[in-house]
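Heads up, the thing below is written out as structure tokens.
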């Protein structure tokens, strides 16, 4: 080996080591950061790989349950989810050794489950290496690291097995959505006219709900009859809201857009602008809130766990509703009946309108988070800065959910009743999650 | 010393070799020599410097390049060159002879402009005998800075911009202008094509384009006859808004009035502006053309196939090679395509279109058949007979400064660059890769066959090329090419045909018309020689942004005598000229020839009598999309109907017709009256069975009671395999033409053909029923059945007669025919991904013919069969209808198309993957998004488009899986005549090119013209094919006249217009012995033709 080929890796190691050392200090100060880093890593890979909101909503809870199931074995006073979540049992118990580090094992369990879900697997290979380096820097022995990794993977393997029976694989083989010629039914929307995504998501096994239709909403107006006066009124409302936007309203719409891939066209030039999905946005908020409040490891893991489960079950309820009603989007109705050249502020997501997904998700997440962190927690959401958006402040969590909901009307992609019903549904799902799951 | 010497001699020798080789390679070998600035003196390059203001995001048309104008501005007999520049000075070069040029831009006063220059048109606008120059302007500039310029020739090599005085200083975002006499008042009017400035929704399906029309519509300027023009766009109905690149004049409907074809970029359909003869135009493309290019770029009009009618060639931007096809974005998803159709956009596909003029005002698109459908991001097509062999070749300029449709950049890299903190979009965009391309030079080999000769003929420098024109720049009697390039200097391709193709003659023609159209713009010139008829027209604009001399040039080949030349002057007068001089420029003066009367077209043989037939049945397909279950399936199997059967059901001696319905549509029975009219007879049994999809049917007397009973095969793919909805049905006739359901043994195959025959020779009719597909499991074979008639009951005897039929393939058609003269009917089968198969009848079984019978490697997508003794030698021959050759799916024996059937991701669904050869290597045909939608597990493997863009099946899947997959091949897609050589050995004859325009779905053999020789009628198109290949719609039906010796000729202008999604043809005898051809169309009405 020549000096050159030896020197540069050495130099690189030294430099990397220095960086790692710096980071490691933060870990020592707040070990909850590990769980936040895990969730943020998952979010970052989701953004690059591009996943739809339902598919993304499924990634967080399984990974967080995996981490939780390790952590509860190292932290007294917390309950396993085994027997509490549908189909989950037989969690491997930690071996009778005292050199296993719970946090490293939990992070490995999280990453192993997360890696299975995303496309860019190499990202989590790298990430898991970094976790082990951090552990080494913090003083864990080689043997201890190896044992922790092994246990983390063992738990992950059980979680993956449980996850494998949630009907996801079966939905992959089902027929895609066929557009109907029925003028009252949902049709693909500009600008990309994508196929409706996940028409069978309502058949997914939820974690806590008795059925996808448990909180099914009575349709407030006759959504089936696009010829009705009420439908027209509803469309007018969205059109006017979108046509008379204040700067604040526009900011709201864009802030809560959470469209994972907005396609920007200029003739032949196509640019896909990527950001988080709505579930990812809420996971980022959980990260920010737990950090701002200085929560310790277990409360942090608990917040991620409950929020991600609430969001996942919320999406199943919501998607069941969407493909039950197959409601037309505002842009289609308004273009065909009111104004041919009308364009909403936001790009309309490719699935039916009723019920508003963001409303359900946001309400479900804030319901459980309010329970954990307090209903009057004021906060500023700065998680969107990295995607080129601003910071928005809220007096409490539920007001953030309401804003996320109504922002869809300002964005021109929903009718108002889908927001109201969506918030209702989300609250119900959140409450139900809290009654079904005991973390302590 | 010796050593040095030997080294030196090696060097010298090599040098000599290089020189010698060069000499051989370029001076003698190739038809063209690239001439660059150092040779020609033309050092102009259309240089594009990008910055934060001037970039593709701010102005999408930045890379569209400049045009070329060629014309003799000083009347010295040498064509001079005008070049437009996007950002820099335009250039005028004076031809000094010998392919040397002098830049006289400054002294001529034609260089400067503020906005971007685009198209150029050389025209003597004031008819003073000196060429003037019209230059179009566009770009993000104030209207005042973007007015088009009209340089009036001052007759001393200087020009003055007098656009304003002429009223032609239009401030639109202009691309190009052409001149012709639309109102037949004798003078030349101007048609101007423009584009909107907002590109945001240019490629998006929207219900309404912006209503703001200013500066962005097509425009028409009427010549007032006094060197002024009036904008009459709105009154003439041409003020239509689109991203229009190119307007070409053509009389498509042969009414003597010039129409205009406009190619429009992006999603917007092309315009075919039909001249209403009253000063107005009406856009009517959908009445003339079945589909067009998705992003139409330049177009060219000429007679491509020497039939005397002008054809249209329109360019698009799809690459020929696999890598660029897979890397660059193309059409929207299937739902986006459907949305476009629903909102009234015309059928458009990503391919260059060759719209072949059928001579009666209709067109067939045959670009794929001609082999000129994929030339990458293309701009200018220019036809010329470069090798003087009598067929017009075509050169296509292509290239785009940046691969802005690179999918990895769109989806992954641009975003990550932004995320990394780079906010200067101009800079970010400069990271998009650049790929200069080789221009395409196609040799026309006749019979609609073009062959890429770029490299062989010396086109070797990759460029970003735009405006292109041909002209004999060096006066040596052949056509040279001049091309305007982005960022590299102009190239002149010097044609060496005058030296290398000396034996081939040519003739060049210009006109001397009457003022104010002395050059005869718009005249159609038709030359008749010993061996061909060929037409071309006099025009000042050609293809994209460019303008040439108002002459026509016909190559003549060797020893070809010119009979006469006919000129159809603008306004319609026909004048014939004789005694023209070969290998010279001939000037034909108005009034110096022989005026001849207009030819009255002969009455076609076939007449459409659908409207008076009484058959009002319209086949209605149900809503079902096979691609939603299998995104990579190559076609729909759910639209196989209508079933059709004919026979005399009520014993009145007249033929009646059964027509099957799609799912949820009841079949109908039409009974013929003695006046030849058809009327429906109510059939409750059919109404009861409406929920079945009827795909095949036959009348035959199953119970030997003397009347015709009916067997109907159920098919489609709407239900899972094995569903009871695939149960075939049998109906017994009560003797009066009323049918009653009767039980059949259970079978649940998705069926296709129903073919009766007395297989066991017991005097009653048995039956073969073909299996089409295993629903949801394509390409798995379906089960076919032999029904033996046992005392009026059909019994499934497939196991005893021919167990091989249970998985014989994706069957489409079958024929019982005694091929070996043993008086027993043998079975011949056709299907997709299989050869024509013969089963010989032993009397108790059917034995597959395994001897060398000439059908080896005949695997194709066969749809139809017919058999008769076509050559009168006493044995039975076969006519077999294949997919045809007009498709992006191509196959040869050594380069087969194939399909792999396997559940790659093991999720319980069959994942079919089709592969075809791309430049010698077999790759999947599907793009990455489709493939990963079908095989989702691949999303982890094919992380980027680049990962997939070079991949073969072997790169994507492990050997264990590939070994387990069902692999089916196709070696030929040509519709073929199989001549029986008498010993059961067949000889293949590819049928005429018209038979290859589309899949042949049904064949009838009959003597059409009563010359005692058997003729063939073929119908078929294919709307079932997946949308990226694009529906097959070029066939209007073929009438092949036989010579009784196995020779066939396609009848032109036959009057047969089976131009829908034709599936079945039946010949019926009408009341009084009239011959009728009945054509069953999927999802459309039934056509009837009298002949």
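Observations on the structure shown:
- Annotation: residue A:161 fulfils all but one of (1) under 30 Å from residue B:630 (Cα atoms); (2) within 14 Å of chain B (Cβ to nearest Cβ); (3) surrounded by fewer than 18 Cβ atoms within 10 Å (Cβ to Cβ); the unmet one is (2).
- Among the residues of the stretch B:282-321, those identified as under 19 Å from residue B:409 (Cβ atoms) and either in contact with a helix residue (DSSP H, G or I) (Cβ under 8 Å, 6 or more places away or on another chain) or surrounded by 21 or more Cβ atoms within 10 Å (Cβ to Cβ) (or both) are B:295, B:317, B:318, B:319.
- When residue B:676 is tested against (1) farther than 30 Å from residue B:521 by Cβ; (2) assigned to a loop (DSSP other than H, G, I, E, B); (3) at pLDDT 95 or above, exactly one condition is not met: (3).
- Residue in the stretch B:104-115 that is in contact (Cβ under 8 Å) with a residue 24 or more places away in the chain, buried (at least 22 other Cβ atoms within 10 Å of the Cβ) and assigned to a strand (DSSP E or B) present: no
- If the condition is being assigned to a loop (DSSP other than H, G, I, E, B) and over 22 Å from residue A:358 (Cβ atoms), then the stretch A:28-63 contributes A:30, A:31.
- Residue within the stretch B:418-426 that is assigned to a loop (DSSP other than H, G, I, E, B) and within 11 Å of chain A (Cβ to nearest Cβ) present: yes
- The stretch A:242-278: number of residues that are within 7 Å of chain B (Cβ to nearest Cβ) and crowded, with 20+ Cβ neighbours inside 10 Å: 6
- The strands (runs of 3 or more DSSP E) falling completely within the stretch B:485-594 include none with 3 or more residues that are within 27 Å of residue B:447 (Cβ to Cβ) and without any contact (Cβ under 8 Å) to a residue 12 or more places away in the chain.
- Options B:775, B:745: the member that is at negative phi, assigned to a loop (DSSP other than H, G, I, E, B) and surrounded by 24 or more Cβ atoms within 10 Å (Cβ to Cβ): B:775
- Residues that are crowded, with 23+ Cβ neighbours inside 10 Å and not in a helix (DSSP H, G or I) do not occur anywhere in the stretch A:298-308.
- Residue A:130 passes every criterion in (1) part of a loop (DSSP other than H, G, I, E, B); (2) away from chain B (no Cβ under 14 Å) apart from (1).
- Test set (1) within 14 Å of chain B (Cβ to nearest Cβ); (2) surrounded by fewer than 21 Cβ atoms within 10 Å (Cβ to Cβ); (3) in a helix (DSSP H, G or I) - residue A:136 fails condition number: (1)
- In the stretch B:123-150, the residues that are outside any loop (DSSP other than H, G, I, E, B) and either free of Cβ contacts under 8 Å to residues at least 12 places away in the same chain or over 20 Å from residue B:194 (Cβ atoms) (or both): B:132
- Meets criteria (surrounded by 20 or more Cβ atoms within 10 Å (Cβ to Cβ), more than 14 Å from every other protein chain (Cβ to nearest Cβ) and in contact (Cβ under 8 Å) with a residue 40 or more places away in the chain) for residue B:868: no
- Wholly enclosed strands (runs of 3 or more DSSP E) of the stretch B:322-403 bearing at least 2 residues within 14 Å of another protein chain (Cβ to nearest Cβ) and touching a strand residue (DSSP E or B) at 6+ places or on another chain (Cβ under 8 Å): B:378-384
The rows are residues; the columns are (1) away from chain A (no Cβ under 14 Å); (2) more than 22 Å from the chain's Cα centre (by Cα); (3) over 26 Å from residue B:127 (Cβ atoms).
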residue: B:225; (1), (2), (3): yes, yes, no
residue: B:229; (1), (2), (3): yes, yes, no
residue: B:236; (1), (2), (3): yes, yes, no
residue: B:249; (1), (2), (3): yes, no, no
residue: B:252; (1), (2), (3): yes, no, yes
residue: B:255; (1), (2), (3): yes, yes, yes
residue: B:266; (1), (2), (3): no, no, yes
residue: B:272; (1), (2), (3): yes, no, yes
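- Some residue of the stretch A:219-239 being touching a strand residue (DSSP E or B) at 6+ places or on another chain (Cβ under 8 Å), modelled with pLDDT of 95 or more, away from chain B (no Cβ under 14 Å) and in a helix (DSSP H, G or I): no
- Flag if residue B:640 is within 14 Å of another protein chain (Cβ to nearest Cβ), more than 19 Å from residue B:734 (Cα to Cα) and either more than 33 Å from the chain's Cα centre (by Cα) or not in a strand (DSSP E or B) (or both): no
- Positions within the stretch B:926-946 being assigned to a helix (DSSP H, G or I) and without any contact (Cβ under 8 Å) to a residue 12 or more places away in the chain, in sequence order: B:932, B:939
- Those residues of the stretch B:604-622 which are assigned to a loop (DSSP other than H, G, I, E, B) and either farther than 28 Å from residue B:1053 by Cα or without any contact (Cβ under 8 Å) to a residue 60 or more places away in the chain (or both), in sequence order: B:620, B:621, B:622
- Considering A:242, A:265, A:284, the condition of being closer than 30 Å to residue A:390 by Cβ, at pLDDT below 95 and part of a helix (DSSP H, G or I) is satisfied by A:242 alone.
- Number of positions in the stretch B:304-322 that are more than 17 Å from residue B:256 (Cα to Cα) and under 18 Å from the mean Cα position of the chain (by Cα): 13
- The stretch A:166-176 - residue that is more than 7 Å from every other protein chain (Cβ to nearest Cβ) and part of a loop (DSSP other than H, G, I, E, B) and, of those, nearest to residue B:335 (Cα to Cα): A:174
- Checked against (1) in a loop (DSSP other than H, G, I, E, B); (2) under 27 Å from the mean Cα position of the chain (by Cα); (3) within 14 Å of another protein chain (Cβ to nearest Cβ); (4) surrounded by 21 or more Cβ atoms within 10 Å (Cβ to Cβ), residue B:199 passes all but a single condition, namely (2).
The values are calculated or read from the model by the stated rules, or taken from the named source; none is laboratory data. The structure presented is a predicted model; accordingly, all values stated were derived computationally and were not measured. Counting neighbours? That spans all protein chains shown, and the Cβs are built from the backbone with ideal geometry, glycine included.
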